[in-house]
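For reference, the structure discussed in these notes is given below.
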Amino acid sequence: MSEQTDDAVRDDPELEARMRALSSPVRLRVLRLCAFDARTNKELAELLGVNPGTMLHHVRTLVATGFLAAEDERSGAQGAREVPYRATGLSWRTPLLGGSRVLVETFLQQIEGLDPDEVDTTWLGLRLNAEHKQELKRRLHELAQEFKDRGPDADGESLSLFTALHADRNPQSSPTVKTGEPSQPDAGGRGGPES
């Protein structure tokens with residue numbers, strides 16, 4: 001987190017509480033499950049394999065911080081009172097404590113048990129200057145925002161998108177290029193370990 005974000009958090013207890021609420025992979029997965037369909041505590045506990053009491057703690061935390069909103073009560077099995085919850089979309093605009101680490105852990109939990117053919121991956125090595133790095137980040141964000149703003153397709157399949165742009169432990173070597181013969185290193189490709 002940057003110093004500017006640290007200062008903003010110290011000055012805003014509400015923001016700090018929201019950031020802490022999003023520091024749990026379980027809570028992030030709850031928000032994903034409630035993004036398009038309202039779900040009860042019992043349904044969430046079953047879908048994530050979590051004790052209902054533990055799930056209730058997570059749900060209450062997300063409601064208290066504005067990430068989940070309760071919908072009208074409904075009757076469940078044997079007439080039991082159920083409260084379904086739906087994600088509010090606030091998490092899209094909230095910075096994360098532990099940022100990428102919590103998202104990576106959430107991603108790994110989300111894909112656990114999926115058939116490898118169900119995960120479309122791309123791994124690409126790049127060497128970009130600061131301007132081009134910012135351009136890539138901006139364009140990726142704009143594309144994701146565009147699809148988010150469209151809203152869900154009524155006939156759509158539930159999908160998850162995870163992107164990670166990170167420093168590569170691949171330092172630039174000393175150039176040994178002959179004049180007139182530009183070097184063209186393999187910049188990577190889809191899925192291969194050399195990418």
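The values are calculated or read from the model by the stated rules, or taken from the named source; none is laboratory data. Please read all numbers here as calculations on a predicted model, not as lab measurements. No Cβ is skipped: glycine too gets one built from the backbone with ideal geometry, and neighbour counts run over all protein chains shown.
Determine which member of the set Leu97, Leu103 is under 14 Å from the mean Cα position of the chain (by Cα), assigned to a loop (DSSP other than H, G, I, E, B) and surrounded by 12 or more Cβ atoms within 10 Å (Cβ to Cβ). Reasoning before the result, please.
Working: Leu103 fails: assigned to a loop (DSSP other than H, G, I, E, B).
One residue alone meets the criteria, Leu97.
Regarding Asp120, is this residue more than 21 Å from Cys34 (Cβ to Cβ) and either out of contact with any Asp or Glu (no Cβ under 6 Å at 6 or more places or on another chain) or touching a residue at least 60 places away in the same chain (Cβ under 8 Å) (or both)? If you could, list the steps in order and put the result at the bottom.
Values: more than 21 Å from Cys34 (Cβ to Cβ): yes; either out of contact with any Asp or Glu (no Cβ under 6 Å at 6 or more places or on another chain) or touching a residue at least 60 places away in the same chain (Cβ under 8 Å) (or both): yes.
When the stated conditions are applied, Asp120 passes them.
When you check Gln109 against the structure, is it surrounded by fewer than 16 Cβ atoms within 10 Å (Cβ to Cβ), out of contact with any helix residue (DSSP H, G or I) (no Cβ under 8 Å at 6 or more places or on another chain), in a helix (DSSP H, G or I) and of a type outside the set (Val, Ile, Thr), yes or no? Let's see the steps before the verdict.
On the way: surrounded by fewer than 16 Cβ atoms within 10 Å (Cβ to Cβ): yes; out of contact with any helix residue (DSSP H, G or I) (no Cβ under 8 Å at 6 or more places or on another chain): no; in a helix (DSSP H, G or I): yes; of a type outside the set (Val, Ile, Thr): yes.
No.
Looking at the structure I just gave you, is Arg127 farther than 30 Å from Gly49 by Cα and under 18 Å from the mean Cα position of the chain (by Cα)?
Working: farther than 30 Å from Gly49 by Cα: yes; under 18 Å from the mean Cα position of the chain (by Cα): no.
Taking the combined requirement at face value, the residue does not satisfy it.
Got at least one residue in segment 133-154 being in contact (Cβ under 8 Å) with a residue 60 or more places away in the chain and within 22 Å of Leu48 (Cα to Cα)?
Going through segment 133-154, the residues in contact (Cβ under 8 Å) with a residue 60 or more places away in the chain turn out to be 152.
Filter once more, keeping what is within 22 Å of Leu48 (Cα to Cα): none.
There is no residue in segment 133-154 that is in contact (Cβ under 8 Å) with a residue 60 or more places away in the chain and within 22 Å of Leu48 (Cα to Cα).
So, in segment 122-137, exactly how many residues are exposed (fewer than 11 other Cβ atoms within 10 Å of the Cβ) and of a type in the set (S, T, N, Q)?
Counting residues in segment 122-137 that are exposed (fewer than 11 other Cβ atoms within 10 Å of the Cβ) and of a type in the set (S, T, N, Q) gives 2.
Could we say that Val119 is surrounded by 15 or more Cβ atoms within 10 Å (Cβ to Cβ), aliphatic (A, V, I, L, M) and either over 15 Å from the mean Cα position of the chain (by Cα) or under 15 Å from Ser160 (Cα atoms) (or both) here? If you could, list the steps in order and put the result at the bottom.
Details: surrounded by 15 or more Cβ atoms within 10 Å (Cβ to Cβ): no; aliphatic (A, V, I, L, M): yes; either over 15 Å from the mean Cα position of the chain (by Cα) or under 15 Å from Ser160 (Cα atoms) (or both): yes.
When the stated conditions are applied, Val119 does not pass them.
Looking at (1) under 18 Å from Gly89 (Cβ atoms); (2) over 18 Å from the mean Cα position of the chain (by Cα), which is the only condition Val30 fails?
(2)
Take segment 130-161 and flag every residue that is under 22 Å from Val104 (Cα atoms), hydrophobic (A, V, I, L, M, F, W, C) and either in contact with a Leu (Cβ under 7 Å, 6 or more places away or on another chain) or in a helix (DSSP H, G or I) (or both). Lay out the reasoning, then the answer.
So in segment 130-161, the residues under 22 Å from Val104 (Cα atoms) come out as 133-134, 136-145, 147-148, 158-161.
Going one step further and asking which of them are hydrophobic (A, V, I, L, M, F, W, C), we end up with 136, 140, 143-144, 147, 159, 161.
Leu136, Leu140, Leu143, Ala144, Phe147, listed by residue number.
Against the conditions (1) modelled with pLDDT under 95; (2) touching a helix residue (DSSP H, G or I) at 6+ places or on another chain (Cβ under 9 Å); (3) part of a helix (DSSP H, G or I), where does Arg27 fall short? Just the number, please.
(1)
Give Asp120, Asp72, Asp115 a once-over and let me know the one that is of a type in the set (D, E, K, R) and under 18 Å from Ala144 (Cα atoms). Talk me through it step by step, then tell me what you get.
Details: Asp72 fails: under 18 Å from Ala144 (Cα atoms); Asp115 fails: under 18 Å from Ala144 (Cα atoms).
The unique qualifying residue is Asp120.
Out of Arg27, Arg39, report the one residue that is touching a residue at least 40 places away in the same chain (Cβ under 8 Å), in contact with a His (Cβ under 8 Å, 6 or more places away or on another chain) and either of a type in the set (A, V, I, L, M) or crowded, with 19+ Cβ neighbours inside 10 Å (or both).
Working: Arg39 fails: in contact with a His (Cβ under 8 Å, 6 or more places away or on another chain).
Every option except Arg27 fails the conditions.
One line per residue, one yes/no per condition, for (1) within 25 Å of Glu157 (Cβ to Cβ); (2) without any contact (Cβ under 8 Å) to a residue 40 or more places away in the chain:
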| residue | (1), (2) |
| --- | --- |
| Thr54 | no, yes |
| Gly66 | no, no |
| Glu73 | no, yes |
| Ser91 | yes, no |
| Thr94 | no, no |
